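Each remark here refers to the structure printed beneath this line.
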Amino acid sequence: MLNFRNVNIFFILFILIWVFLDRRYNLSPAAYAWILFAYLLVLFCGTYFIQLGYFFKSVCSAGTDKKEIALSFDDGPAESFTPFILDVLKAGKVEAAFFCIGKKIPANEHLLRRIVEEGHIIGNHSYSHHPLFDIFSAERMLEDITQMNELTNHNTGLEPKFFRPPYGVTNPNLKKAVERGGFISIGWSIRSMDTMIRNENRLLQKILQSLKPGAIVLLHDTSPSTMKILRELITQIRQKGYEIVRLDKMLKLNPYA
């Protein structure tokens, strides 16, 4: 299994063998640079591709053959976008997961409550979503994540158990924070890129062409592109024979502590 522990063991053994051979056969010194490059490349991929489960396991899809998928929205609540998203979901009778940022809850408490009242679930996407969140200590990460939960609990009476790492980045410190907090890390299998793709048809086709049973679709309720395609996306997902199921129901996991 490709994970942080096994890769470290492999590279340590490989380097020891290489040092032995180097002393015996005077191998090229440049090889050490290539070994370091290969290690850093693996580390980078493990950090930035949550699906690999390099540092710890994240649930990125459901193990099912049923034609069902789940929609998830990150980075809200946002007054300019979330109400529209909720209106579309309500009209389409779709339940989704909203991974909210804690610092956005003040002044948007009504949206948080509306999310719950309309049958959706709230996930934890950290309090700060700080650009340097990835280099926080485990203790500071846990404080940040817990602060978001406290706000959610104050406004809804619920404590999210589902946690989606900011930017989808994972590392050993986050592993400690997630385990200490008793959270379930949730990733995705379809990254829509809706914050980058402006062409509506291109965005729509990117998602539809990636559909598979048990897929978790990552969208943002802060994206104008998502607002524009959401109705049509729901329609075409269903035309392809898929059912849109709330994330916790599809995964058969309790979303709250």
message = Which entries of K93/K228; K175/K212; K66/K93; K67/K228 have Cα-Cα distances beyond 22 Å here?
response = K175/K212; K67/K228
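What is the mean projected area of the alpha carbon convex hull for region 25-163, to one decimal in square nanometres? Write out the running numbers ahead of the final one.
Details: hull surface 51.4 nm².
Averaging across all directions leaves 12.8 nm² for the Cα convex hull.
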ask   = Using Cα atoms only, what is the angle between the long axis of helix 82-91 and the major principal axis of the chain, expressed in degrees (0 to 90) to the nearest 10?
value = 70
key: Compactness relative to 2.2 N^0.38 Å, alpha carbon Rg of the chain   = 1.15
request  = Normalise the Debye intensity by I(0) for region 161-257, one equal point scatterer per Cα, no solvent, then take log10 at q = 0.13, 0.14, 0.17 Å⁻¹ and round to two decimals.
outcome  = -0.54, -0.62, -0.86
inquiry  = I'd like the distance between the alpha-carbon centres of region 1-54 and region 128-183, rounded to an integer number of Å.
reply    = 30
ask   = Taking Cα atoms, how many degrees apart are the long axis of helix 200-209 and the longest axis of the chain, rounded to 10 and kept between 0 and 90?
value = 70
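Calculate how many DSSP beta bridges within the chain are antiparallel, expressed in % of all such bridges and rounded to the nearest 5.
On the way: 2 of 22 bridges.
Just about 10 percent of them are antiparallel.
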note = By Cβ neighbour count within 10 Å, fewest first, S72, S58 rank S58, S72
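Of S80, S223, how do they rank once you tally other Cβ atoms within 10 Å and put the fewest first? Walk me through the numbers before you get to the answer.
Details: S80 10, S223 25.
Taking fewest neighbouring Cβ atoms as first place, the list is S80, S223.
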Rough spin-label spacing in nm, given labels placed 7 Å along Cα→Cβ, for Y167 and M196 = 1.3
remark   = Taking M250, M196, M141 and counting other beta carbon atoms within 10 angstrom, the fewest-first order is M196, M250, M141
query = At a Förster radius of 41 Å, what calculated FRET efficiency corresponds to the Cβ-Cβ distance of E179 and K66, to the nearest 0.05?
reply = 0.85
ask   = Between A107 and A91, what is the label-to-label distance in nm when each label sits 7 Å out along the Cα-to-Cβ direction?
value = 2.8
task = Using only the Cα atoms of region 19-96, construct the convex hull and provide its projected area averaged over every direction, in square nanometres to one decimal.
result = 10.0
request  = Mind jotting down the three principal axis lengths of region 4-48 based on Cα atoms? Whole angstrom, largest first.
outcome  = 38, 19, 5
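Only the coordinates and a few stated rules stand behind these numbers; no lab work does. Just so it is clear, the structure is predicted and the values come from calculations on it, not from any experiment. Every residue, glycine as well, gets a Cβ built from its backbone with ideal geometry; the counts of neighbours run over all protein chains shown.
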